[in-house]
Amino acid sequence: MIYHGEFADALMPDLFIQTAPSLGNQYEEDAFLRGYLRRKLPSEMLTDIEQDLHGLGALAGGELYRCQRDDRLNEPRLTQWDGWGNRIDQIELTPLWKRAAEIAAQSGLIAIPYEAQHGRWSRVHQFAKVFLFHPSTDVYTCPLAMTDGAARTLSTAGNRALIERALPRLTSRDPETAWTSGQWMTEATGGSDVGASLTKAIFEEGEWRLYGKKWFTSAITSQMALTLARPEGNASGGSGLAMFYVETRNTDGSLNNIRVERLKDKLGTRKVPTAELYLDGTRATLVGESSQGTRAIEPMLVITRAWNSVTSVSFMRRAVALARAYAQERRAFGKPLIGLPLHAATLARLEAQTRAAFLLAFELVELIGLQESGQIDSDQKALLRLLTPISKLLTAKQAVSVVSEAIEAFGGAGYVEDTGIPMMLRDTQVLPIWEGTTNVLALDAVLRGDPEKGIQALERRIEQCVRELTHDALRSAGELAIAAVRKAKDWLSTSQDALQTQAAARDLAFTLGRALELALLIEHAQWQLGQERDSGGVAAVRLFMREPIDCLGQGSDFEDAIALMS
Ligand SMILES: Cc1cc2nc3c(=O)[nH]c(=O)nc-3n(C[C@H](O)[C@H](O)[C@H](O)COP(=O)(O)OP(=O)(O)OC[C@H]3O[C@@H](n4cnc5c(N)ncnc54)[C@H](O)[C@@H]3O)c2cc1C
């Protein structure tokens, strides 16, 4: 017999609906961030800024997070023509991005280090806020990173007129007057090999005009950009390029001889309006010299790579926070997931990776703060040079791995779009690619500049972290970190074969980065033991060491590559 209606309802078992993971105040819920700030910042400064951090933590876990979920299906829209056939190339951003822009300006996410109220610690203040803000904004930090980079580049380039015009706008706390900036470097010929750029700069009737095509430009809604172009007659390669300042719109609101060809159809970062642009006589101002543009734009890259590092860790933090919240709600085999030893151990390893990556990213942030406040010594300068690429490449890779594992921690729900979780992995996947790919940065770290000086500075920093340890597990971990950095140093200084060194650059960079991450975890764990009577840091050290610190392999990667790939 088949039952219908009320009879059938009576036979149905109770339907189960899983409670979604929820987020609270992201500052208050992040004991590790708060511990780090207590350890590092002068106590009166922390008292001064804590209100601010509580406020942004509440927004990030509250209003912004709700707005992000409501905005899930929205994407920026490009309208190229109006009804009368005029080319307009207007881009409409999504509601989340509009709100994020207001909050970013009002919270001083760019302004803080330029106001420099807390001297060398102003960068830590700024990036603690970026860390809270980022994962609820669908990568609004992309234009912010470039804005900060442009502000820093212009202020160091010393072009008074441009500083006076652009800097107050880039660093404004008023959403009505705040500008953002793009960074237009990549062309179809190459993002890594920027020296191959084809865009020309021609001096016509007393001003520079640019002609060419920029292949990836992520902030075409910005009011300005810094870009590279080759003045007529200059040599080929990077040294023949010059850095130019461009305002995207004319005073009447029309585009400055720029055509937006299309928005890229991307795997992730879908709120970011990444465009292909034709520059067809775009008026531009030379920022400094009429050559050496790749060198001139380097200050921008230091800043954007620091943003990349902090946003990598911030995604890791969000993924682990959600996975942890879910593990408290979701039950299997009669227990909440968090009560299952293997699930808890899986999440704990993600937490350890996240803490290590956090400390590395903020080590870079601290060094930038020291440099900007004029307090940096020569060892720290060499370390800043080395850590800029290493922090970016390592934290980005860790983010992809941690976020991917965290998604599995939700089971099937992690794969279902309207939980909002899959998007995290797609957005994270860009972090190893833009601002320099892993390979390009590894080569930059171990082959360019003076890597030996940087590695010596790194070795001394590691020695400083592992001095005066009171716990056996920390002491033996410290020995491992020192052994790894010394092996990498010896490997590099005795390597005779340039091709083999190139092939091993990733392994060298990973070894240096992971050795420092381990040492920074040890330093923090020792502080926690002493000041907070907390042994959680020792557990993080042990779990972090489960994955290799010394990543240098046996044999010749280059010969193996030829054997397999040629
Ligand atoms: C979403 C998104 C937004 C972006 N926004 C911007 C933007 O706003 N402005 C901007 O200027 N650019 C932007 N980019 C471009 C980005 O910076 C480049 O894609 C990136 O630098 C790589 O350049 P490419 O795409 O030309 O790859 P290629 O340079 O062709 O690299 C291809 C592969 O070759 C490897 N490789 C290259 N050289 C070497 C080497 N010497 N040794 C070993 N391996 C090597 C790389 O690691 C990579 O795996 C954006 C990219 C994305 C995905």
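Taking the criterion of being in contact (Cβ under 8 Å) with a residue 12 or more places away in the chain, among the small types (Gly, Ala, Ser), surrounded by 17 or more Cβ atoms within 10 Å (Cβ to Cβ) and within 30 Å of residue 345 (Cα to Cα), would at least one residue in segment 402-411 satisfy it?
Scanning segment 402-411, I find at least one residue that is in contact (Cβ under 8 Å) with a residue 12 or more places away in the chain, among the small types (Gly, Ala, Ser), surrounded by 17 or more Cβ atoms within 10 Å (Cβ to Cβ) and within 30 Å of residue 345 (Cα to Cα), so the answer is yes.
Tell me, please, whether a residue that is surrounded by 16 or more Cβ atoms within 10 Å (Cβ to Cβ) and over 26 Å from residue 378 (Cα atoms) can be found in segment 530-537.
Yes; the residues of segment 530-537 include at least one that is surrounded by 16 or more Cβ atoms within 10 Å (Cβ to Cβ) and over 26 Å from residue 378 (Cα atoms).
Scan segment 357-373 and give yes if some residue there is assigned to a loop (DSSP other than H, G, I, E, B) and touching a Lys or Arg at 6+ places or on another chain (Cβ under 9 Å), otherwise no.
Yes, segment 357-373 contains at least one residue that is assigned to a loop (DSSP other than H, G, I, E, B) and touching a Lys or Arg at 6+ places or on another chain (Cβ under 9 Å).
In segment 157-192, what residues are more than 16 Å from the ligand (Cβ to nearest atom), of a type in the set (Ser, Thr, Tyr) and surrounded by fewer than 19 Cβ atoms within 10 Å (Cβ to Cβ)?
Listed by number, the residues that qualify are 172, 177.
All but one of (1) near the ligand (Cβ under 10 Å from one of its atoms); (2) in contact (Cβ under 8 Å) with a residue 40 or more places away in the chain; (3) under 19 Å from residue 286 (Cα atoms) hold for residue 142; state the number of the condition that does not hold.
Status for residue 142: all satisfied but (3).
Out of (1) under 18 Å from residue 23 (Cα atoms); (2) over 19 Å from the mean Cα position of the chain (by Cα), what's the single condition that is false for residue 412?
The failed condition is (1).
Evaluate the following for residue 443: is it in a loop (DSSP other than H, G, I, E, B) and either crowded, with 16+ Cβ neighbours inside 10 Å or among the hydrophobic types (A, V, I, L, M, F, W, C) (or both)?
When the stated conditions are applied, residue 443 does not pass them.
Quick one: which helices (runs of 4 or more DSSP H) lie wholly within segment 72-172 and hold at least 1 residues that are closer than 30 Å to residue 28 by Cβ and polar (S, T, N, Q)?
95-106, 122-133, 141-157
Just a yes or no: is a residue in segment 251-265 over 20 Å from residue 79 (Cβ atoms) and either in contact with a Leu (Cβ under 9 Å, 6 or more places away or on another chain) or in a strand (DSSP E or B) (or both)?
Among the residues of segment 251-265, not one is over 20 Å from residue 79 (Cβ atoms) and either in contact with a Leu (Cβ under 9 Å, 6 or more places away or on another chain) or in a strand (DSSP E or B) (or both), which makes the answer no.
Residues checked against (1) among the basic types (Lys, Arg); (2) away from the ligand (no atom under 16 Å from the Cβ):
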site: 259; (1), (2): yes, yes
site: 267; (1), (2): no, no
site: 277; (1), (2): no, no
site: 285; (1), (2): no, yes
site: 292; (1), (2): no, yes
site: 340; (1), (2): no, yes
site: 344; (1), (2): no, yes
site: 347; (1), (2): no, yes
site: 358; (1), (2): no, yes
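Across segment 504-529, which residue is surrounded by the most Cβ atoms within 10 Å (Cβ to Cβ) among those that are more than 16 Å from the ligand (Cβ to nearest atom) and small (Gly, Ala, Ser)?
519
Which of the residues spanning segment 397-430 are near the ligand (Cβ under 10 Å from one of its atoms) and among the aliphatic types (A, V, I, L, M)?
Passing the criteria: only 430.
From the list 195, 212, which one is more than 8 Å from the ligand (Cβ to nearest atom), assigned to a helix (DSSP H, G or I) and within 23 Å of residue 292 (Cβ to Cβ)?
The unique qualifying residue is 195.
Return the residues of segment 104-161 that are of a type in the set (D, E, K, R) and either under 19 Å from the mean Cα position of the chain (by Cα) or within 15 Å of residue 45 (Cβ to Cβ) (or both); say none if nothing qualifies.
If the condition is that a residue be of a type in the set (D, E, K, R) and either under 19 Å from the mean Cα position of the chain (by Cα) or within 15 Å of residue 45 (Cβ to Cβ) (or both), then 115, 120, 123, 129, 138, 148, 152 are the ones that fit.
What number of residues in segment 67-90 are aliphatic (A, V, I, L, M) and farther than 19 Å from residue 272 by Cα?
Number satisfying all stated conditions: 1.
Laboratory data are not the source of any read-out in this text; all were calculated from the coordinates shown. Values in this document were obtained by computation on a predicted structure and should not be read as measured data. Backbone-built Cβ (ideal geometry, glycine too); neighbour counts: all protein chains shown.
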